[in-house]
């Protein structure tokens, strides 16, 4: 089923065909079943993103898990910092020396002077490892629709 879903996912004219096909496979309550599938997917979601420079030196690692939690480890200046949070709220910790307690730092927002991770250099590379949703969840997550 995966091959025909990806065909429909990128062609707005064929979304109705996809809806009909999914309804045929999964039954008439496709919206409820797709919402349930999305909720189940979010409960077991684990995504890892590794960012390196052009020479493959590690710059930042991000872990996103569950419906809206995340942990990011990266550099602020020459010190390792950890950002942990949920949705749009988080706390930055400096974790640069052995034996020190992590000290809470305010992450920078658009209106603050707090810390933020170093800007990524030109030529940086990203590698993503993600949990893969099933076709019904992909239907629910179809682009361009709320």
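Taking 0.36 nm per residue of sequence separation and removing the Cα-Cα distance, the residue 80/residue 132 pair yields an extension gain of 15.7 nm.
Using a Förster radius of 25 Å, what is the FRET efficiency between residue 32 and residue 88 based on their Cβ-Cβ separation? Nearest 0.05, please.
Values: r = 28 Å, r/R0 = 1.13.
Calculated transfer efficiency: 0.30.
Between residue 65 and residue 125, what FRET efficiency comes out of the Förster formula 1/(1 + (r/R0)^6) with R0 = 35 Å and r the beta carbon distance, rounded to 0.05? Result of the calculation: an efficiency of 0.95.
Straightening the chain between residue 58 and residue 16 buys 10.7 nm, computed as 0.36 nm per residue apart minus the Cα-Cα spacing.
Modelled spin-label separation between residue 23 and residue 96, with each label point placed 7 Å from Cα along the Cα-to-Cβ direction: 5.9 nm.
Just so you know, all these numbers are worked out from the coordinates, no wet-lab data involved. Note that the structure is a prediction, hence the values are computed from the model and not measured. Positions of Cβ are backbone-derived with ideal geometry, glycine not excepted, and every protein chain shown enters the neighbour counts.
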